[in-house]
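Accompanying notes for the structure given below.
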Amino acid sequence: MSRLFLSGNQFSGKIPSEIGLLSKLEQLDLASNNLSGPIPDDLGNCFKLFNLNLSKNNLEASIPSSISYTNALQSLDLSQNSLIGGIPQQFGKLQSLEVLNLSHNMLNGSIPEAFNDLRGLRFVNISFNQFEGPIPNLKAFHEASFDALRNNKGLCGNATGLMACVPSFVDNHGHGKRTKVIISVMFPLFGVLHDSIIEATEDFSSDYCIGLGGYGSVYKAALPTGQVVAVKKLHQSEDNILNNNLKAFESEISALLEIRHRNIVQMYGFCSHPKHSFLVYELVERGSLRMVLSNNERAKKLDWKHRLNVVKGLANALSYMHRGHSQPIVHRDISSNNVLLDLDYKARVSDFGTARILKPDSSNWTSLAGTYGYIAPELAYTMRVDEKSDVYSFGVITMEVCLGRHPGDLISYFSSLESTSSSLSNDQQVLLKDIIDQRLSLPVGQSAEDLVCTMKIALACLNGNPQLRPTMQQVSQALGRQSLPLPSPFKSIKFEELLSDVVCND
């Protein structure tokens, strides 16, 4: 066997190590599946491999150095996974490599000096990682587009959008009182660009306002570098909190600047100024999920396939934040306003950590961070916000995506079915085909089955007892295996017959 193309399926689990037995394999494409776990070391035994594509999966751990054994490799695409660690030094041996895509991972460290020997490299994309230090002295890097290098921790060198190799954090002494700026190296002149943002928004004119949130108004700003960003100007009350706790705020922001995930909006930094303070984010083009669902024409373009992918993306983001750190980072304010959609209708969660930073000691209902209609019921009496609170909010949004509107009283209706053992009469039953978004045609085939599974998962997340709700890691894994029987804790749902009617429709 010389070619193995299995992309665009729903394969899950680990890549089997036995793949290394295919010594004559020349092309391997496993892209766009739900594969997880590490890349097997045995892949290095495929010495004749010249095209390897493992992109758009959920692969974890570090890149095995054994890939360098495949010295015939011409094209390597590991983008859109959850890979960590650095680029193996041994990659400098891939003398035949022409195309390299490592974007949208969590890779870090510097690019090996051995890369300077890869004279055949024509295309490179290392965006949306945590790389720092100088780029190699190669034409592929020098002529790379801004998008191919953007959103890293501290890259520097002779390329579009990068600065010379100098320290990545700056303090800017503004007019009069001191201005504190923390920003990633993507904006090397942010001390100067502070004034540019003011100019680009005409001192935060309403003409540039693109959204309103619980902590501030969001503006669209076109910077002199050509980059367009979203700027959240904090309300005065939040601004006062920031100034009173600036040291703690800086520590939190520095941690959030490190976050890299394809389903989380990238934070670029913040500026604290006596007149106003603001946070700077990447601009996500289509705006919030709520805006899309509230517009009939835009909602119709968000078909069932895209909607189910939105749910998966949201689950992946929450799972990463809940388990990817020594202590879980809880969003605390998940709502359809804080789930944004890019041009490909992929979900991007915004304001991660903002609620925790600005309301660090919320102890009563009036100051509790969250949006009415998405807040877990136990917060009315416990005031303890944890990851299970986010799980509940996820359940609400998932139903909202499927119904095309906030589920409202349907949440209590379905919750009541869990606690009753008696059968409902026909006039009491709610069928899924009658409550899902009527602006779309009824789903059929695999889409219909996936929708039913997704609703079951959502309802498990809405369990009134937070201890009985699944974790976001369990949710993310279950969504990745929708065509298979759902694992515990999703088996206890008692109302499957009320949901499955849509599957029978052609």
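The values are calculated or read from the model by the stated rules, or taken from the named source; none is laboratory data. Everything numeric here is computed off the predicted structure, so don't read it as measured data. Cβ: placed from backbone, ideal geometry, glycine included. Neighbour counts: every protein chain shown. Please note that ligands, DNA and RNA were not included when accessible areas were found on the heavy atoms of the full protein model with its side chains. Shrake-Rupley method; radii C 1.70, N 1.55, O 1.52, S 1.80 Å.
Please determine whether any residue of the stretch 118-131 is charged (D, E, K, R) and either closer than 14 Å to SER103 by Cβ or outside any loop (DSSP other than H, G, I, E, B) (or both). No: the stretch 118-131 contains no residue that is charged (D, E, K, R) and either closer than 14 Å to SER103 by Cβ or outside any loop (DSSP other than H, G, I, E, B) (or both).
Look at the stretch 247-269: where a residue is on the phi < 0 side of the Ramachandran plot and modelled with pLDDT under 70 and a partner is part of a loop (DSSP other than H, G, I, E, B) and open to solvent by 10 Å² or more (accessible area, probe 1.4 Å), sitting 6+ places away or on another chain with Cβ atoms under 8 Å, you get ALA248/PRO360. Considering the conditions (1) touching a strand residue (DSSP E or B) at 6+ places or on another chain (Cβ under 9 Å); (2) at pLDDT below 90, LEU314 is excluded by exactly one of them, (2). When both residues are 6+ apart or on different chains and their Cβ atoms are under 7 Å apart, which pairs have a first residue that lies in the stretch 451-473 and is of a type in the set (D, E, K, R), and a second that is modelled with pLDDT of 90 or more and open to solvent by 10 Å² or more (accessible area, probe 1.4 Å)? The qualifying pairs are ARG469/LYS388; ARG469/TYR392. The strands (runs of 3 or more DSSP E) falling completely within the stretch 11-93 that include 1 or more residues that are open to solvent by 10 Å² or more (accessible area, probe 1.4 Å) and closer than 24 Å to PHE131 by Cα map to 34-37, 51-53, 75-77. Filtering LEU440, LEU484, LEU431 for residues that are at pLDDT 90 or above, assigned by the TED database to the domain that holds ASN338 and farther than 26 Å from TYR372 by Cα leaves a single hit, LEU440. Pairing each residue of the stretch 75-100 that is among the small types (Gly, Ala, Ser) with any residue that is surrounded by fewer than 22 Cβ atoms within 10 Å (Cβ to Cβ) and part of a helix (DSSP H, G or I), provided the two are 6+ apart or on different chains, yields C-beta distances under 6 Å for GLY92/ALA114; GLY92/ASP117.
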